[in-house]
Amino acid sequence: MKTFYIETFGCQMNVHDSEKVVGTLLARGYRQVATPEEADLVLYNTCSIRDKAEQKVFSRLQQFKRAGNGKIFGVLGCVAQQEGERIFERAPHVSLVCGSASYNKLPDLLVQIELGDRRVTGLDLDTDETFETPLTRRDNPFRAYITIIEGCDKNCAYCVVPFTRGRERSRPSSSILEEVRQLAEAGYTEIQLLGQNVNSYRDPSPAGWNFATLLARVAEVPGIRRVRFTTSHPVDFGRDIVEVINANPVLCNHVHLPVQSGSTRVLERMQRLYTRQDYLRRIEWLKQSPRDIAISTDIIVGFPGETEEDFAQTLSLLEEVEYDSVFSFKFSPRPNTAALALDGQIPEEEKGRRLMILQERQRAIQLRRNAALVGRVEEVLVESYNPATGQWVGRTSQNRVLNFTHPDGPAAALAGRYLDVRVTRAGPNSLAGEAVL
Ligand code: SAH
Ligand code: SF4
Ligand code: F3S
């Protein structure tokens with residue numbers, strides 16, 4: 001029997017794509033192994049969002065340059081799409097290069113490889129199809145990812161995604177709902193809807209649902225207790241989404257709304273299509289909700305031309321919104337993107353300085369916000385037991401990690417259950433507590 005190893009880099013969409021690739025391979029009679037050394041076929045599902053992410057796959061491939069003997073190497077995902085056949089030049093032992101827009105062709109490409117083809121590619125970007133397969137092999141037994149929209153039609157000046165994932169295409173609502181029903185029957189209770197701009201969803205079938213309607217319908221499926229969605233683009237974030245969350249407790253108390261910068265001048269240069277004021281209006285809707293919705297964001301520091309004053313505006317936005325969590329990055333110049341041509345590139349050292357200041361500020365905000373939860377009882381979905389700390393690990397509806405003790409310890413067998421936990425302590429990145437019995 002042939003064996004394969006797969007390692008995944010990048011976002012949740014990549015993680016989910018890998019689940020589909022794994023299912024496809026298992027159905028073809030491959031067996032998954034835990035190390036590349038044991039595998040006949042070694043696959044890397046790659047990310048190109050920042051330079052560091054891209055370099056990872058090449059350093060992995062480098063390790064096997066000589067010791068590759070007989071193994072077949074494949075590069076999937078965003079670096080595959082971006083670099084295409086150039087990957088064969090940089091790493092001649094690679095046999096398969098396939099971007100996510102061509103995964104429908106993977107079974108055919110595998111046949112070609114099995115027949116002995118040395119080099120096969122799937123690099124077509126102009127596809128109308130979404131990658132769906134009944135063979136998906138999910139990693140988590142309680143939480144299921146579902147991609148509802150692929151690609152991106154925005155044009156942010158710093159971003160490779162439109163080049164690596166192609167045009168936006170939505171999956172028909174009936175097929176999404178059918179999969180959610182099947183997942184509920186199989187025992188999944190949490191659904192996470194995925195898309196680079198998940199809220200740009202437009203049902204291609206005659207029903208023509210928008211994202212808010214789809215959310216409401218998914219949340220009604222019997223057996224589903226939590227629904228999350230990521231990532232939302234502020235421009236397409238309508239008030240109807242907040243209203244649907246307000247009306248349905250199955251929709252989690254958490255919205256991830258990447259802002260990138262607090263300065264309207266920088267947002268314009270980034271081609272983000274909204275101003276600071278537009279963004280803050282959406283935050284207002286969320287804050288007015290009776291649901292206590294947690295808000296998280298992504299921020300880029302050191303975008304070309306970002307002045308001290310621009311950066312100060314990003315810091316003031318942090319204080320104004322009081323985010324529950326923030327993913328922050330130094331601007332990384334990427335191939336094909338408009339930002340390469342902008343003047344005012346910021347030195348690495350200065351980007352690092354701004355990033356540190358921002359992360360320190362945010363740490364204080366998070367500590368404050370988490371501390372305010374001490375004494376409260378929160379419902380968690382229990383994920384696992386951590387023998388090192390003697391705590392169970394759960395997640396609240398607001399997407400906070402809540403580590404808690406239970407008198408029965410590991411014997412309580414709580415994984416996958418929903419449980420009330422009293423918060424007793426707070427750190428900047430997680431909470432600690434005790435199960436309410
Ligand atoms: N589609 C999502 C984000 C996708 S990428 C959105 O529009 O918000 C995830 C995050 O990576 C982005 O939100 C951004 O903060 C960061 N990012 C993207 N390109 C980057 C670059 N060239 N340098 C640094 N960070 C980047
Ligand atoms: Fe990239 Fe912008 Fe598209 Fe997000 S919306 S994936 S940041 S181009
Ligand atoms: Fe990375 Fe591609 Fe996702 S660039 S963040 S894996 S869409």
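The values are calculated or read from the model by the stated rules, or taken from the named source; none is laboratory data. As the structure is a computational prediction, the values presented were derived from the model and not from experiment. Heads up, the Cβs are rebuilt from the backbone with ideal geometry, glycines too, and the neighbour counts pull from every protein chain shown. Ligands, DNA and RNA are excluded from the accessible area calculation, which covers all protein heavy atoms including side chains. Shrake-Rupley method; radii C 1.70, N 1.55, O 1.52, S 1.80 Å.
Here is how the numbers come out for the structure above:
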item	result
Choice from Pro347, Pro141, Pro335 with maximal GNM fluctuation in the chain (Cα, 10 Å cutoff)	Pro347
Top of Pro92, Pro249, Pro407 by mean-square fluctuation, Gaussian network on the chain, Cα under 10 Å	Pro407
Spherically averaged projected area of segment 285-437 from its Cα convex hull (nm²)	12.0
Disulfide-incompatible cysteines by the Cβ rule (no partner under 4.7 Å) in the chain	Cys11, Cys47, Cys78, Cys98, Cys152, Cys252
Mean ellipticity per residue at 222 nm, deg cm²/dmol - from DSSP H runs of n ≥ 4 across the chain, formula -39500 (n - 2.57)	-10000 deg cm²/dmol
Dmax and Rg, reported as Rg then Dmax, of segment 84-127 (C-alpha, Å)	10.4, 28
Along principal axes, Cα extents of segment 143-371, largest first, whole Å	53, 43, 28
Cβ-based charge dipole, the chain, positive-most Cα from Ala312, Val97, Asn386	Asn386
Coil-residue trypsin sites (Lys or Arg not before Pro) of segment 1-88, DSSP, other Cβ within 10 Å capped at 13	Lys65, Arg66
Neighbour-limited loop hits for GluC sites (Glu not before Pro), segment 56-132 (at most 15 other Cβ within 10 Å; DSSP other than H, G, I, E, B)	Glu85, Glu129
The chain, relative contact order [Cα under 8 Å, separation at least 6], %	10
If the convex hull is drawn through the Cα atoms of the chain, its volume per residue in Å³	158
Rounded D (µm²/s) - segment 149-209, Kirkwood Rh over Cα pairs, Stokes-Einstein at 25 °C, 0.890 mPa s	189
Rounded to whole Å, sorted largest first: equivalent-ellipsoid semi-axes of segment 15-106, Cα gyration tensor	19, 17, 12
Net charge contributed by nearby residues that have their C-beta within less than 9 Å of Met13 (K/R +1, D/E -1)	-1
For the chain, built as a Gaussian network whose Cα springs stay under 10 Å, the top-fluctuating residue of Asp343, Asp278, Asp17	Asp343
Per residue, in Å², the accessible surface of the chain once ligands and nucleic acids are set aside, probe 1.4 Å	43
Fully extended contour minus Cα-Cα distance, from Gln182 to Arg31, at 0.36 nm per residue	51.9 nm
Per residue convex hull volume, Cα atoms of segment 211-272, in Å³	81
Environment charge at Gly390 (Cβ cut-off 13 Å; Lys +1, Arg +1, Asp -1, Glu -1)	-2
Kirkwood-based Rg to Rh ratio, segment 25-69, C-alpha trace	1.04
Using alpha carbons only: equivalent-ellipsoid semi-axes of segment 238-314, gyration tensor based, whole Å	28, 11, 10
Cα gyration tensor category, rounded, prolate or oblate, for segment 290-376 with a/c compared to 1.5	prolate
Count of Lys pairs (Cα-Cα under 28 Å; at least 8 positions apart or interchain) in the chain	29
Rg and Dmax of segment 377-435, Cα atoms only, in Å	10.0, 29
All-pairs Cα distance distribution in segment 63-177, expressed in whole percent, bin size 5 Å	2, 10, 17, 19, 19, 15, 11, 5, 1, 0
